[in-house]
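*Asks:* Would you mind keeping the following structure in view while I ask a few things?
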Amino acid sequence: MRFSKAFAQQPVAWIVVEMVVSVFLIGWLDFITGYAIRLLPFYCAPIFVVAWFCEKRLAILMALFAGIISLGADWFDHDPDLQGWTEPWEIARHLGSCVAVALVGAALRAKSDIAAARITLLEHSQRLEREIVNATEAEQRRIGQDLHDGLCQYLAALSCSATSLRDDLQGLQLTAEARTAGELALQLRDAVVQTRDLARGLAPAHISQVGLVLALESLAQSVSRLQGLSCKFRFQGRSADCDEPSAIHLYRIAQEAISNATRHGGASTIEISLEAGENLLTLRILDDGVGISQPGSNGMGLTIMRHRARSSGGELKIERAPGGGTLVSCTARRRQPENEVNEVTSS
């Protein structure tokens, strides 16, 4: 491998000169061994090297040169095939074989370059997907943290002030005003709950604390409260333990699927299900909306969902549900949480 890299780093002129010397050496051996031993296949190696590391034109020239050297060695050996009516056939066979090797080598190199370019493009695309997901995740965490530490605390303080005002008004026998202050306190407490739901959805740090099952159940309850629709969660299996990155990816997939169902699908009922097998976790989100219009869509949301599914070692499927609506499913490989891995290693 190192020799191949070192050889490829040489200037093209050096490679051509080295292969010309190799052809001369093969021709000399061909002359020494006589026409009874055919060394024509050995000429293919330097031709293929030039075709692989140099351009196609140089490979064809090298092929013609090797064919001429091969013919010259057999001619000086008085090869009977180069005498009489078989001479044109032998010339065509030598030159044609060498040129064919040059063309095949150039075609293989072109195909290899195309494959390498596709791999590079795919790696670049995957790197961009990771950067987009990481940037989105960081921004959501920041906004969620700001909501929790800023607006949520401010609303909680207002709720306490409204409760204190209600008590003061009741002490002053202002019943109507106290009732209004009490209603305001209740609305502020409800706003605190909704803000906390939003903060948890944007920064799901609680997944590492409560686990994926309880996080999805909390998500369903939060959607029901915030969106005013029926969102239910169902779990099958003994345990859904997995590493935190995979759990967050599945949680985000469920969030995005619910968001698409409510914003674009007009769904009124959403069912979230998680099935834990021995080695797989299967997440399904079923809604009763209008159904996805373009299953092959490449919108940013779906692109990120597919990236999250691949990052979890799984695959994302989006299809029309049999009874109408959309079914989003993701099957991910279960991986042992880091704390369990450390415990097993230490024991």
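The values are calculated or read from the model by the stated rules, or taken from the named source; none is laboratory data. The structure displayed is predicted, hence computed values, not measured ones. Here Cβ is always computed from backbone atoms with ideal geometry, including for glycine, and neighbour counts include all displayed protein chains. Protein only, heavy atoms only, side chains kept; ligands, DNA and RNA dropped before computing areas. Shrake-Rupley method; radii C 1.70, N 1.55, O 1.52, S 1.80 Å.
*Asks:* Could you state the orientation-averaged shadow area of the convex hull built on the Cα atoms of the chain, in nm² to one decimal?
*Replies:* 31.9 nm²
*Asks:* Once R0 is set to 22 Å, what does the formula 1/(1 + (r/R0)^6) return for the Cβ-Cβ distance between residue 157 and residue 214, expressed as a FRET efficiency to the nearest 0.05?
*Replies:* Step by step, r from the Cβ atoms, then E = 0.15.
*Asks:* Arranged from highest to lowest average of other beta-carbon atoms within 10 Å per residue, in what order do the peptides 111-121, 210-220, 62-72 appear?
*Replies:* 62-72, 210-220, 111-121
*Asks:* Report the paramagnetic label zone for residue 108: residues of segment 21-42 whose backbone N is under 17 Å from a point 7 Å from Cα along the Cα-to-Cβ axis.
*Replies:* 41-42
*Asks:* How much accessible surface does residue 163 have with a 1.4 Å probe, in Å² rounded to 10?
*Replies:* 30 Å²
*Asks:* Taking 8 Å as the Cα distance limit and 6 or more residues as the minimum spacing, I'd like the relative contact order of the chain as a percentage.
*Replies:* Once divided by the residue count of the chain, the mean separation gives 11 percent.
*Asks:* Kirkwood hydrodynamic radius, segment 31-88, all distinct C-alpha pairs: what's the number in Å?
*Replies:* It works out to 12.3 Å.
*Asks:* Sticking with this structure for a sec: On C-alpha positions alone, give me the angle between the axis of helix 56-76 and the longest principal axis of the chain, in degrees, nearest 10.
*Replies:* 30 degrees
*Asks:* Which FRET efficiency value, to the nearest 0.05, do you get for residue 81 and residue 45 by plugging their Cβ-Cβ distance into 1/(1 + (r/R0)^6) with R0 = 30 Å?
*Replies:* 0.80
*Asks:* Compute, for residue 12, the solvent-accessible surface of its heavy atoms (probe 1.4 Å) with the complete set of protein chains present, and express it in square angstrom to the nearest 10.
*Replies:* 70 Å²
*Asks:* Nearest 0.05, what FRET efficiency do residue 20 and residue 121 give at R0 = 51 Å with Cβ-Cβ as r?
*Replies:* 0.90
*Asks:* Would you compute, from DSSP H runs of 4+ residues alone, the mean residue ellipticity of the chain at 222 nm, taking -39500 (n - 2.57) per run and dividing by the full residue count, rounded to the nearest 500?
*Replies:* Dividing the helical sum by the residues of the chain leaves -22500 deg cm²/dmol.
*Asks:* What length, rounded to one decimal in nm, is gained on full extension from residue 238 through to residue 174, with 0.36 nm per residue of separation minus their alpha-carbon distance?
*Replies:* Once the chain is fully extended between residue 238 and residue 174, it gains 17.4 nm.
*Asks:* Pairs of Cα atoms under 8 Å, at least six residues apart: use those to get the relative contact order of segment 1-95, whole percent.
*Replies:* 29 percent
*Asks:* Counting Lys and Arg as +1 and Asp and Glu as -1, each charge on the Cβ, what is the dipole of the chain about the Cα centre in debye, to the nearest 20?
*Replies:* For the chain, the charge dipole is close to 480 debye.
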